[in-house]
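The next block holds one structure in the form of structure tokens; read it before the comments.
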Amino acid sequence: MIVAGLVTPSGDLDEDSVVGWGPLAAGSYSSLPTTYVNQTQLTATVSASLIAAQGSANITVVNPDSTASNAASFTITQAPPTTVSGSIAHIASGGGWQSTLTFVNTGNASAQVQLSFFDDNGNALSLPFTVVPSSSNTTATTLTQTIAAGASLQVVTQSGSTTALVGSAHLSTTGSINGFTIFRYNPSGQEAVVPLETHNAGSYLIAFDNTNSLGTGVALANISTQAAAIPVVIRDDSGVQIATDTIHLAAQGHTSFMLAVNYGITQGKRGVIEFRTPALGQIAAVGLRANGSALTTLPVIEVGTAGTNSTAVQQLTQRLRLQVIR
């Protein structure tokens, strides 16, 4: 930002001049980290804490002899509410499958939620769903609702298609929302529950068992708006690495498969499959265990925290460029 029209008594800036930041009340300011550019220009760094709340501040230039320029008013606009994201790595609707998504507002104020559905290729996925308690029915790619403090919202999707529509769901909210999804295979009545993913772990581990009549299914979703190359490491139950791979997903893309089908080396074995979050990326994973017609959830073990986006961190500090006119 450029602020012009600050004039010091001497007319010029000194190499030791500093930029002052303070409330609108005259005579009260704190010195900002300042860099001298030339006789008419300084640059100063404003920390994120100084612009975290709505209000106004005075900007002045103070010379080494304590003489100060006139003040310029700087308006701090209110930042939008923090958006907290959650994800559901697998949604299935139709072909006998039904997904019931439940969300609970754990905060002390109403919160708006937006639920967006994406297909395997990261395109918007249109699904039929019923919203409870309103019992409204619609077909759409997104849903926006307000959940009162302490209240819950349920979204049920069950397509009449003989082929299952599959993908993932992303949740954005202005409040404190948690929840879970129930997968139900109606022909057998079997159900499995998966919690809403609200973290961004460095790795996601799923313990598998493909022995005897057991089978392991996994789903993986790319939450990022950038395409992702996701490293995969598979180990047997003694910890020996038996396979590696890279799964490529489109931005907001999704994949789901039976482990023994995609990785035949896991047939008849127990072990652990690890999905590693790409640099600057975000993923989510789901594991399901099948025993004949019986179905249950496999807990996903989260390890570490995904790498920090240094660019985003740097943007927490705003550089304010001041130009003083003689």
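The values are calculated or read from the model by the stated rules, or taken from the named source; none is laboratory data. Note that the structure is predicted; figures quoted are calculated from it, not measured. Cβ sites come from the backbone with ideal geometry, for glycine too, and all protein chains shown count toward neighbours.
Conditions tested, residue by residue: (1) closer than 22 Å to Ser256 by Cα; (2) in a loop (DSSP other than H, G, I, E, B); (3) in contact (Cβ under 8 Å) with a residue 12 or more places away in the chain; (4) in contact with a Ser or Thr (Cβ under 9 Å, 6 or more places away or on another chain).
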site: Gln98; (1), (2), (3), (4): yes, no, yes, yes
site: Asn108; (1), (2), (3), (4): no, yes, yes, yes
site: Gln112; (1), (2), (3), (4): no, no, yes, yes
site: Pro128; (1), (2), (3), (4): yes, no, yes, yes
site: Ser134; (1), (2), (3), (4): no, yes, no, no
site: Ala149; (1), (2), (3), (4): no, yes, yes, yes
site: Thr162; (1), (2), (3), (4): yes, yes, yes, no
site: Leu171; (1), (2), (3), (4): yes, no, yes, yes
site: Gly179; (1), (2), (3), (4): yes, no, yes, yes
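Within segment 193-216, can one find any residue that is free of Cβ contacts under 8 Å to residues at least 24 places away in the same chain and farther than 20 Å from Met258 by Cα?
For segment 193-216, residues free of Cβ contacts under 8 Å to residues at least 24 places away in the same chain and farther than 20 Å from Met258 by Cα: present.
Name the residues in segment 82-129 that are of a type in the set (A, V, I, L, M, F, W, C) and within 16 Å of the chain's Cα centre (by Cα), would you? Let's see the steps before the verdict.
Filtering segment 82-129 down to residues of a type in the set (A, V, I, L, M, F, W, C) leaves 84, 88-89, 91-92, 97, 101, 103-104, 109, 111, 113, 115, 117-118, 124-125, 127, 129.
Answer for segment 82-129, where residues must be of a type in the set (A, V, I, L, M, F, W, C) and within 16 Å of the chain's Cα centre (by Cα): Val84, Ile88, Ala89, Val113, Leu115, Phe117, Phe118.
Taking the criterion of being at pLDDT 90 or above and over 19 Å from Thr102 (Cβ atoms), would at least one residue in segment 145-156 satisfy it? Taking every residue of segment 145-156 in turn, none turns out to be at pLDDT 90 or above and over 19 Å from Thr102 (Cβ atoms). The residues on offer are Thr174, Thr266, and the sole one that is out of contact with any Lys or Arg (no Cβ under 8 Å at 6 or more places or on another chain), buried (at least 20 other Cβ atoms within 10 Å of the Cβ) and at negative phi is Thr266. Scan segment 77-87 and give yes if some residue there is closer than 30 Å to Thr157 by Cα and at pLDDT 80 or above, otherwise no. Yes: one or more hits. Checking each residue in segment 167-192 for being touching a Phe, Trp or Tyr at 6+ places or on another chain (Cβ under 8 Å) and under 18 Å from Leu127 (Cα atoms) picks out Gly167, Ser168, Ala169, His170, Leu171, Phe183, Arg184, Tyr185, Asn186. Can we say Thr45 is surrounded by fewer than 13 Cβ atoms within 10 Å (Cβ to Cβ), modelled with pLDDT of 75 or more and among the β-branched types (Val, Ile, Thr)? No, not satisfied.
One line per residue, one yes/no per condition, for (1) in a strand (DSSP E or B); (2) at pLDDT below 50; (3) outside the structural domain of Thr60 (by TED's automatic domain parsing):
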{"site": "Leu280", "(1), (2), (3)": "no, no, yes"}
{"site": "Ala285", "(1), (2), (3)": "yes, no, yes"}
{"site": "Arg289", "(1), (2), (3)": "yes, no, yes"}
{"site": "Leu295", "(1), (2), (3)": "yes, no, yes"}
{"site": "Glu302", "(1), (2), (3)": "yes, no, yes"}
{"site": "Ala312", "(1), (2), (3)": "no, yes, yes"}
{"site": "Leu316", "(1), (2), (3)": "no, yes, yes"}
{"site": "Arg319", "(1), (2), (3)": "yes, yes, yes"}
{"site": "Ile325", "(1), (2), (3)": "no, yes, yes"}
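Of the residues Val166, Val62, the single one that is surrounded by 13 or more Cβ atoms within 10 Å (Cβ to Cβ), more than 28 Å from Pro187 (Cβ to Cβ) and among the aliphatic types (A, V, I, L, M) is Val62.
Would you check if Ala169 is over 21 Å from the mean Cα position of the chain (by Cα) and not assigned by TED's automatic domain parsing to the domain that holds Leu220?
Details: over 21 Å from the mean Cα position of the chain (by Cα): no; not assigned by TED's automatic domain parsing to the domain that holds Leu220: yes.
So Ala169 does not fit the description; no.
Look at segment 274-302: where a residue is under 15 Å from Phe183 (Cα atoms) and touching a residue at least 40 places away in the same chain (Cβ under 8 Å) and a partner is among the basic types (Lys, Arg) and in a strand (DSSP E or B), sitting 6+ places away or on another chain with Cβ atoms under 6 Å, you get Thr296/Arg289; Leu298/Arg289.
Taken over segment 172-192, the criterion of being under 17 Å from Gly292 (Cβ atoms) and among the hydrophobic types (A, V, I, L, M, F, W, C) is satisfied by Phe183, Ala192. Looking only at segment 201-239, filter to residues that are within 13 Å of the chain's Cα centre (by Cα) and surrounded by fewer than 19 Cβ atoms within 10 Å (Cβ to Cβ); which one of those is nearest to Thr100 (Cα to Cα)? Residue satisfying both the conditions and the ranking: Thr225. Just checking, does segment 261-269 include any residue being under 16 Å from Glu302 (Cα atoms) and either of a type in the set (Ser, Thr, Tyr) or assigned to a strand (DSSP E or B) (or both)? No.
Residue count for segment 113-125 under the criterion of being at pLDDT below 95 and surrounded by fewer than 16 Cβ atoms within 10 Å (Cβ to Cβ): the result is 1.
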